[in-house]
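Report on one structure; see the data block that follows.
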Amino acid sequence: MTVAKTVWRFLFSVVLPLPLVVISPGAAKAETNSCTGTWTEMSSPAQGPGPLNGIAAVSPTDVWIVGGNNHLNDTEQWDGSVWTDFNAESFQQTAVAAASKDDVWTLGEDGIQGPPVVSHWDGQSFAGTPGPSVAGRWLGRAAVPGSAWRAGDPTPTSGTGTDTVVEHWSGTAWEVQPTPDPGRSDNLFGMSATGVSDAWAVGNFVRADKTRFRTLAIHWNGAKWTHVSTPSPGRKGSYPSAVWAATPNDAWIVGARNDSGREAKTMTLHWDGTAWSRVPSPNVGPRRNALLAVSGSSSSDVWAVGFARVGGVYRPLVEHWNGAAWSVVSSPPTASVLTGVSVDAPGNVWVSGSNSIVAHLC
């Protein structure tokens, strides 16, 4: 078994057993335009027992989701009133990123760990984009006006570890960019960018001694990718899931840390422009907690979502950074796990998760 598979088995098999309970379409509520400071759950064409794979909000009237159980090829857009199901591709959609209303990217795989397939929305329609046929696990994506990246790790040959891979859109084609690989096996799971010369990709790696998973962060400065040292909390391992950057001097990594056995606690790391440091974050469950996605509108408005196991039941976990500390806030009532978050304005938060649920906090 590869290191990448071991990481996801820890987060989603040991910590989060599937399948999840199905929520009937009647349990979802209609979206309204008024803000009440509470969660509003929304039905979508992708409704099913599995989680959505990604969400990106440009505005309250322009929200994109991809994935969904038995609808893995779904790409859907919310226009403020209804969902439109594009269902444009036949491959598994794994992520979505939006730079603007006319610049949206969806990332997928052609088969299990097949070559990446990326489509671009120009405001009118989707079009596929050519690129190297590198087979592997593609989970990270980032987009800014005029630029886009995708990241993952190629399928290793038998008996070998994995290496990182990042591809950049040149405007006409995808091009592989050299990336550092500090360990025996290196994996990338999330990406974020603030501009064409400031991007992060995060995951984890194992040294030659194979003792534990460590946090991996690599940075793009406009010329090359470099490995940046990060804390690796957790005596048994560090499991980053996502990264979000507000500015070149302000970024967050979220995930889980493992101290013993099957225990998982939330993990939040902060970049201040000079170094990464560990920041305390709360846990709701006594043994199993994880943050799976992060987004924000500013340095004092950052949101992270995931799950906590309480009383033997998996419950959604939403945490907020106000510029001084992380705190647990209310969650959508019917979701059990939240897998995606996107913030289009202060206090205007969109989340996606289990049962193909989408919820809006406003």
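For this structure, a couple of remarks:
- Elements of the type strands (runs of 3 or more DSSP E) sitting completely within the stretch 169-245 and holding at least 1 residues that are more than 22 Å from T129 (Cα to Cα) and under 22 Å from the mean Cα position of the chain (by Cα): these cover 185-195, 198-206, 213-220, 225-228.
- Matching option when the condition is touching a helix residue (DSSP H, G or I) at 6+ places or on another chain (Cβ under 7 Å), among the basic types (K, R) and surrounded by fewer than 18 Cβ atoms within 10 Å (Cβ to Cβ), among R184, R235, R262, R207: R262
- Pick from the stretch 122-144, criterion closer than 19 Å to A56 by Cα and at pLDDT below 80, ranking: surrounded by the most Cβ atoms within 10 Å (Cβ to Cβ): G140
- Of all residues in the stretch 338-362, those that are touching a His at 6+ places or on another chain (Cβ under 9 Å) and either among the hydroxyl-bearing types (S, T, Y) or at positive phi (or both) total 1.
- Among the numbered conditions (1) modelled with pLDDT of 95 or more; (2) surrounded by 22 or more Cβ atoms within 10 Å (Cβ to Cβ); (3) within 20 Å of A193 (Cα to Cα), the only one that W276 does not meet is (2).
- Among residues of the stretch 246-262, those that are of a type in the set (V, I, T) and under 14 Å from the mean Cα position of the chain (by Cα), counted: 2
- Residues considered: S119, S147, S100. Of these, the only one that is within 29 Å of T179 (Cα to Cα), touching a Ser or Thr at 6+ places or on another chain (Cβ under 6 Å) and at pLDDT 75 or above is S119.
- With a requirement of 2 or more residues that are among the aliphatic types (A, V, I, L, M), the strands (runs of 3 or more DSSP E) lying completely within the stretch 249-358 that satisfy it span 250-258, 265-271, 289-298, 301-310, 313-321, 326-329, 338-345, 348-353.
- Any hit, the stretch 315-333, residues being touching a residue at least 24 places away in the same chain (Cβ under 8 Å), touching a helix residue (DSSP H, G or I) at 6+ places or on another chain (Cβ under 9 Å) and under 22 Å from T75 (Cα atoms): no
- Screening G54 with (1) modelled with pLDDT of 90 or more; (2) buried (at least 19 other Cβ atoms within 10 Å of the Cβ); (3) of a type in the set (G, A, S) gives one miss only, at (1).
- The C-beta contact set for the stretch 252-268 (first residue over 20 Å from W321 (Cα atoms) and of a type in the set (A, V, I, L, M), second residue buried (at least 24 other Cβ atoms within 10 Å of the Cβ) and modelled with pLDDT of 95 or more, distance under 7 angstrom, 6+ apart or interchain) comprises A264/A256; A264/N289; A264/A290.
The values are calculated or read from the model by the stated rules, or taken from the named source; none is laboratory data. The model shown is predicted, which means the values in this text are computed figures rather than measured ones. Please note: Cβ atoms are built from the backbone with ideal geometry, for glycine as well, and neighbour counts cover all protein chains shown.
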